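Asks: The structure under discussion is supplied below as structure tokens; questions concerning it will follow.
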Amino acid sequence: MKRHRRWARSLTAGVATFAVLLSAGCGNDDGDKTTKALNGALLAHVQGRLNEAQSEYQAVLKLDDKNADALYGLGLVEQNTGHADEALTRYEAVLKLDPKYEPAMVSSALIRANRGEANEAIALYRQAIGLNPDDAVAHLNLGLLLKKVGQSAEGDAEIAKASQLSPQLAPQSTTTTAPVSSTTTGKATTTTRKK
């Protein structure tokens, strides 16, 4: 239960970040229609109306098939609804469009870690942290994964960094091995996306 509350707090911060990105018009600027559709998708997503969010993200992609924010949001919906393969495909498409889209790296890493693809997940977390050293979730998940694969000292250092950046993410025990997920409540989330 405590872990779920940590996830929820992390999610709340991420939702606010994604909302700021969209209201600022991040992504491809194809006019008012795209921005309105993207904001509508986010609102539905934040309110947990995933079917509506999915439809809105798809509408954005009909207007602009290279809109990284819509692809990422659609990936989150798919991940939230148990379609990890489809979500991973979306995140990979986002990274082809924008190789520095750090939230897609973190979400991809989470899926890969859950699949047992530790080396790939570790590489993605490290790449994401290189782009955004203040991403506490990425540090925590990297730390937990490193500990799981036997790299305890490095894992502890990453967990300590996560705790320093965001004390509410500090695990009650450093033996915890479950990664922090941004998808547990079905709402949109991301970490700060730097351009």
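This table checks each residue for (1) more than 21 Å from G116 (Cβ to Cβ); (2) in contact with an Asp or Glu (Cβ under 6 Å, 6 or more places away or on another chain); (3) surrounded by 14 or more Cβ atoms within 10 Å (Cβ to Cβ).
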residue: A136; (1), (2), (3): yes, no, yes
residue: L140; (1), (2), (3): no, no, yes
residue: G143; (1), (2), (3): no, yes, yes
residue: L146; (1), (2), (3): no, yes, yes
residue: A153; (1), (2), (3): yes, no, no
residue: D156; (1), (2), (3): yes, no, yes
residue: K161; (1), (2), (3): yes, no, yes
residue: P167; (1), (2), (3): yes, no, no
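Asks: Within the range 126-133, does at least one residue satisfy the condition of being at positive phi and of a type in the set (G, A, S)?
Replies: No; the residues of the range 126-133 include none that is at positive phi and of a type in the set (G, A, S).
Asks: Which helices (runs of 4 or more DSSP H) sit wholly inside the range 53-153 and have at least 1 residues that are of a type in the set (F, W, Y)?
Replies: Working: elements: 68-80, 84-97, 102-114, 118-131, 136-148.
Counting at least 1 such residues, we get 68-80, 84-97, 118-131.
Asks: For the condition modelled with pLDDT under 95 and basic (K, R), what is the one hit in R49, R90? Can you show your working first?
Replies: On the way: R90 fails: modelled with pLDDT under 95.
From the options R49, R90, the qualifying one is R49.
Asks: Let me spell it out: the conditions are (1) in contact with a Ser or Thr (Cβ under 6 Å, 6 or more places away or on another chain); (2) over 26 Å from A157 (Cβ atoms); (3) in contact (Cβ under 8 Å) with a residue 60 or more places away in the chain; (4) not small (G, A, S), and Y91 meets all of them except one. Which number is the exception?
Replies: Evaluating Y91 over (1) in contact with a Ser or Thr (Cβ under 6 Å, 6 or more places away or on another chain); (2) over 26 Å from A157 (Cβ atoms); (3) in contact (Cβ under 8 Å) with a residue 60 or more places away in the chain; (4) not small (G, A, S) leaves (3) as the failure.
Asks: Looking at this structure, is G73 out of contact with any Leu (no Cβ under 6 Å at 6 or more places or on another chain) and modelled with pLDDT of 95 or more?
Replies: Yes, satisfied.
Asks: Report, ordered by the first and then the second residue, all pairs with beta carbons closer than 6 Å, sequence separation of six or more or different chains, a first member in the range 68-80 that is touching a residue at least 24 places away in the same chain (Cβ under 8 Å), and a second member that is among the β-branched types (V, I, T) and surrounded by fewer than 24 Cβ atoms within 10 Å (Cβ to Cβ).
Replies: Final answer for the pair search is Q79/T183; N80/T183.
The values are calculated or read from the model by the stated rules, or taken from the named source; none is laboratory data. Remember, predicted model here, so these are calculated numbers, not experimental data. No Cβ is skipped: glycine too gets one built from the backbone with ideal geometry, and neighbour counts run over all protein chains shown.
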